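The values are calculated or read from the model by the stated rules, or taken from the named source; none is laboratory data. Here the structure is a predicted model, which is why all the values come from computation and not from measurement. When we count neighbours, we look across all protein chains shown, and the Cβ atoms used for this are built from the backbone with ideal geometry, even at glycine.
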């Protein structure tokens with residue numbers, strides 16, 4: 001006769017440092033998905049995992065159970081090799097908004113399931129929802145239909161796909177358990193494997209603005225996810241990229257949508273485009289559009305230059321209920337009541353921009369969530385962020401704060417100014433693209 005797997009018994013086993021059995025992991029995942037585990041019990045186990053870790057076998061078991069906590073999308077009716085991309089999150093990371101339509105315009109279908117803000121990082125879904133009318137809550141049939149028609153669909157988790165992860169994702173965001181490698185790995189891979197992909201490219205970030213600042217831990221996470229993808233028969237590659245300053249010049253939601261559209265028009269910041277192209281090359285390679293990395297890069301650049309990528313984004317917005325006129329008229333996006341420059345205190349070169357200081361200020365303005373019930377202000381954030389290595393004169397803007405009120409802008413002004421360090425001599429940014437893990 002089997003012993004019932006009460007939540008407190010499973011929690012105690014992990015609390016005491018034991019490896020959980022497949023039955024215990026299944027009990028946890030099923031209990032969360034069905035509502036049989038209370039939030040406080042799920043949170044207790046998340047914290048125990050954060051503190052005690054998991055073996056590779058536990059991580060694989062957790063991932064598979066989360067993947068099968070709901071349906072697995074069948075995209076066999078969509079022709080081509082379907083390739084998605086996922087980022088572990090960074091400050092100003094709006095790459096998905098550019099990359100998905102860009103790669104689709106190059107002939108590789110992109111089924112992309114994204115998340116909301118998590119911790120100090122922004123969420124792709126929140127950015128997309130700053131476009132009036134844009135629907136991320138598509139059904140699986142609508143999701144597949146969009147892929148067949150446009151070669152791209154950008155959605156949130158449906159009720160059918162990985163429901164256990166949807167609940168755990170929200171709890172991790174507000175319980176300081178975001179940075180756990182086992183939990184990150186299982187969360188990302190369960191969603192990606194459930195969405196019907198054939199291959200996956202991962203952007204695993206390290207540096208001060210990443211969930212895993214140490215490059216060694218980012219490498220550990222990347223290797224674990226690549227291993228899970230391979231074991232499930234899905235070719236997976238991971239690119240390590242630096243998050244030691246905000247990516248691009250905008251942070252927020254609507255502010256990042258504008259920068260993404262500008263990038264699709266060929267006017268994207270150099271660092272943002274460097275990451276976008278690097279990831280896009282591997283998506284085209286895994287998608288079998290070409291076997292030559294140089295040719296893949298040329299195809300991506302051409303799709304930007306000839307307007308195909310921008311047109312695909314326009315079609316994507318319209319197909320998912322959004323106001324496609326935002327592509328040509330940014331005033332149709334949410335706009336902050338106040339835009340206030342942060343002046344440089346002295347002349348010199350920008351030697352450092354602390355991404356965490358910018359992220360925390362954006363969160364304080366209302367661009368992210370401090371709890372699961374918090375509403376996001378899509379209009380607030382930052383634009384014109386000066387980059388490391390740029391010359392700046394005293395009094396020139398280091399960035400522009402987009403705030404809902406004068407008091408809100410004033411509340412972050414000091415911390416934002418302190419995020420920038422000005423040097424009397426030239427400064428160079430750290431390398432942006434790290435190693436590839438296959």
* Does region 193-211 include one or more residues that are free of Cβ contacts under 8 Å to residues at least 60 places away in the same chain, under 30 Å from residue 145 (Cα atoms) and in contact with a strand residue (DSSP E or B) (Cβ under 8 Å, 6 or more places away or on another chain)? -> no
* Give just the number: which of (1) modelled with pLDDT of 95 or more; (2) under 23 Å from residue 134 (Cα atoms) does residue 341 not satisfy? => (2)
* Would region 65-76 turn up any residue that is within 28 Å of residue 263 (Cα to Cα) and assigned to a loop (DSSP other than H, G, I, E, B)? -> no
* Structure fact -> Out of (1) at pLDDT below 95; (2) surrounded by fewer than 22 Cβ atoms within 10 Å (Cβ to Cβ), the one residue 266 does not meet is (1)
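So, restricting to strands (runs of 3 or more DSSP E) that lie completely within region 303-418, which ones have at least 3 residues that are in contact with a helix residue (DSSP H, G or I) (Cβ under 7 Å, 6 or more places away or on another chain)?
Fully inside region 303-418 and qualifying: 338-343, 381-383, 397-403.
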* Structure fact -> Exception for residue 58 within (1) part of a helix (DSSP H, G or I); (2) crowded, with 24+ Cβ neighbours inside 10 Å falls at (2)
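Please indicate, with yes or no, whether at least one residue in region 297-309 is closer than 13 Å to residue 261 by Cβ and either surrounded by 17 or more Cβ atoms within 10 Å (Cβ to Cβ) or modelled with pLDDT under 95 (or both). Walk me through it before giving the result.
Here is the first cut: in region 297-309, the residues closer than 13 Å to residue 261 by Cβ are 304, 307, 309.
Then keep just the ones that are either surrounded by 17 or more Cβ atoms within 10 Å (Cβ to Cβ) or modelled with pLDDT under 95 (or both); that gives 304, 309.
Looking through region 297-309, at least one residue is closer than 13 Å to residue 261 by Cβ and either surrounded by 17 or more Cβ atoms within 10 Å (Cβ to Cβ) or modelled with pLDDT under 95 (or both).
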* Go through the residues of region 351-372 one by one and say whether even a single one is on the phi > 0 side of the Ramachandran plot, modelled with pLDDT under 95, under 20 Å from the mean Cα position of the chain (by Cα) and surrounded by 14 or more Cβ atoms within 10 Å (Cβ to Cβ). => yes
* Asked: Filter region 227-243 for residues that are closer than 18 Å to residue 63 by Cα and modelled with pLDDT of 95 or more; which is surrounded by the most Cβ atoms within 10 Å (Cβ to Cβ)?
  -> 238
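Could you pull out the residue among 250, 222, 210, 199 that is over 17 Å from residue 120 (Cβ atoms) and within 16 Å of the chain's Cα centre (by Cα)? Show your work before the answer.
On the way: 250 fails: over 17 Å from residue 120 (Cβ atoms); 210 fails: over 17 Å from residue 120 (Cβ atoms); 199 fails: within 16 Å of the chain's Cα centre (by Cα).
Within the list 250, 222, 210, 199, the selection yields 222.
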* Asked: Which ones in region 172-228 are within 19 Å of residue 68 (Cα to Cα) and part of a strand (DSSP E or B)?
  -> 199, 200
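Yes or no: residue 156 under 15 Å from the mean Cα position of the chain (by Cα) and surrounded by fewer than 24 Cβ atoms within 10 Å (Cβ to Cβ)? Give the derivation first.
Values: under 15 Å from the mean Cα position of the chain (by Cα): yes; surrounded by fewer than 24 Cβ atoms within 10 Å (Cβ to Cβ): yes.
Yes.
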* **residue 24 over 19 Å from residue 170 (Cα atoms), in contact (Cβ under 8 Å) with a residue 60 or more places away in the chain, part of a helix (DSSP H, G or I) and outside the structural domain of residue 236 (by TED's automatic domain parsing)** => no
* Quick one: residue 385 ticks every box in (1) within 28 Å of the chain's Cα centre (by Cα); (2) modelled with pLDDT under 95; (3) surrounded by 15 or more Cβ atoms within 10 Å (Cβ to Cβ) except a single one, so which number is it? => (2)
* Could you please let me know if residue 221 is outside the structural domain of residue 359 (by TED's automatic domain parsing), in contact with a helix residue (DSSP H, G or I) (Cβ under 8 Å, 6 or more places away or on another chain), buried (at least 21 other Cβ atoms within 10 Å of the Cβ) and more than 22 Å from residue 62 (Cβ to Cβ)? => no
* Asked: Filter region 407-421 for residues that are surrounded by fewer than 19 Cβ atoms within 10 Å (Cβ to Cβ) and either at pLDDT below 95 or touching a strand residue (DSSP E or B) at 6+ places or on another chain (Cβ under 6 Å) (or both); which is nearest to residue 351 (Cα to Cα)?
  -> 421
